[in-house]
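The values are calculated or read from the model by the stated rules, or taken from the named source; none is laboratory data. What you see is a predicted model; the values in this text were computed from it and never measured. All Cβ positions, glycine included, derive from the backbone under ideal geometry; neighbour counts span all protein chains shown. Areas reflect the complete protein model, heavy atoms only, side chains present, ligands, DNA and RNA absent. Shrake-Rupley method; radii C 1.70, N 1.55, O 1.52, S 1.80 Å.
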Amino acid sequence: MRTDIADGLEGIVVAETRTSLVDGAAGRLVIAGRDLEDLAGNASFEETCSLLWRRPARVDLGPARVRAFELLPRVQAALARSDGMEALRGAVAQLSTADLGEDGNASLTGAAAVLVAAWIRLAARAQPLPPDPARGHAADLLRMAGLPHDADPAAALDAYLVTVSEHGMNASTFTARVVASTASDPVSAVTAAIGALKGPRHGGAPGPVLDMLDAVKTGDRARAWIEAELAAKNRIMGMGHRVYRVRDPRAAVLERAITRLGERRPTQRLDLARTVERVAEEVLAARHPGRALRANVEFYTAVLLEALGVPRAAFTPVFAAARMAGWCAHVAEQLQSGRLIRPDVRYIGALPG
Ligand code: COA
């Protein structure tokens, strides 16, 4: 890697933000002034939105879900796509600034949940279910997707949505801020962000994490499977992070949420996941002694969302529905104070003559 080029923009500070602090060395995540461990499980997703969007009153996403459901006929063709992220990207892209009304953040965040749930239903050849605006956002997302939505699963999904709502200058958030920095509109910014989140190096990993657990089958096979994967030059999904040099703090929060859920529904998956994580960590440490490659948020996302009955293909779309809150906060900040983001590039092609 050339040291005079900021390849991957690692360590480059491009903005000031009040949304979150990601301390990669300490493994600490602060979202809008609250430690993640304090937030997830204690504050709802709506309360987290209020903090992120700096609202004095608790955000109510119910009316936004109702309005979004009314727009479904217009975006139904996009939702027919077999890839959930393509469907979400296409459907969100068809929203107009006029559709957002006065509260664009709530409209986009409410719409994301409705669109993801509708896609889950349509993929299962079932009709989309209308929202119940009186319910909490997490419970209603599960209900609209046709999944169990009583207190335990709703609390677990709520903890998940809060945990992944915001995370510093990750690739999709940066994408949203780049678009917003041109003074473009929020719909364009979050549509681009969805495209960035889709990639397996960012939000596309939890489905493959489950594929890995399926392939490993039992803990005693983990080491051989991981060694073979690395020999084939594949990455172990759910391991490694650009910023964290310790275990991703979100992994612990999600692991705890699964354990709570498991008090009623024992999950062998969690045992297998823990074994695979331990072995992967050991094998990767031996291969990369100078680089801590530990579990990231996607590892236990996979186990949690599976336990909630979310289909594997919908894992990244559900992630997007949560991260919409963070994207909106960053877009607002960028629109308010940010300068056009326009880095440079060094030309190494031929010159005429
Ligand atoms: N499995 C195997 N090797 C890995 C790895 C993984 N999950 N993550 C990183 N490495 C290796 C790289 O191959 C590289 O090896 P090299 O120096 O021999 O080329 C070294 O570790 C450093 O990796 P690097 O590419 O610099 O890390 P990054 O900061 O650019 O990448 C991720 C971060 C998240 C993209 C990367 O860890 C990854 O691809 N993880 C798997 C996908 C995933 O879980 N994504 C969700 C992220 S929240």
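Observations on the structure shown:
- Coordinate range along principal axes, alpha carbons of the chain, Å, largest first: 69, 54, 40
- Taking a Cβ cut-off of under 11 Å around ASP83, the surrounding Lys, Arg, Asp and Glu residues balance to a net charge of +2, with basic ones at +1 and acidic ones at -1.
- Rounded, prolate or oblate (a/c below 1.5 giving rounded, otherwise prolate when a/b exceeds b/c) for the stretch 155-256 by Cα gyration tensor: prolate
- Dipole magnitude of the chain, debye to nearest 20 (Cβ charges: Lys/Arg +1, Asp/Glu -1, about Cα centre): 580 debye
- Stretchable slack from ALA252 to ALA124, in nm (0.36 nm times residue separation minus alpha-carbon distance): 42.9 nm
- At most 11 other Cβ within 10 Å, DSSP loop - trypsin sites (Lys or Arg not before Pro), the stretch 235-328: ARG264, ARG291
- Estimated FRET transfer efficiency when R0 is 35 angstrom, pair THR182-ALA224 (beta carbons, to 0.05): 0.10
- In the chain, excluding the sites themselves, the longest stretch lacking any of the GluC sites (Glu not before Pro) that are in a DSSP loop with at most 16 other Cβ atoms within 10 Å is 103-262.
- Sparse-neighbourhood loop sites, trypsin sites (Lys or Arg not before Pro) in the stretch 1-44 - DSSP loop, at most 10 other Cβ within 10 angstrom: ARG2
- Spin-label pair ALA57/VAL14, simplified geometry with 7 Å Cα→Cβ offset, distance in nm: 3.5 nm
- Averaged over its residues, the stretch 127-192 has an accessible area of 31 Å² per residue, based on protein heavy atoms and a 1.4 Å probe.
- Of all accessible heavy-atom area on the chain, the percent that carbon and sulfur account for (1.4 Å): 52 percent
- Between ALA134, ALA159, ALA307, the Gaussian network model of the chain with springs among Cα atoms under 10 angstrom shows the greatest mean-square fluctuation at ALA134.
- Antiparallel bridges, percent of DSSP beta bridges restricted to the chain (to nearest 5): 90 percent
- Each label point was placed 7 Å from the Cα along the Cα-to-Cβ direction; for GLN94 and ASP150 their separation is 3.7 nm.
- Loop-located trypsin sites (Lys or Arg not before Pro) in the stretch 48-136 whose Cβ has at most 15 other Cβ within 10 Å (DSSP): ARG54, ARG58, ARG125
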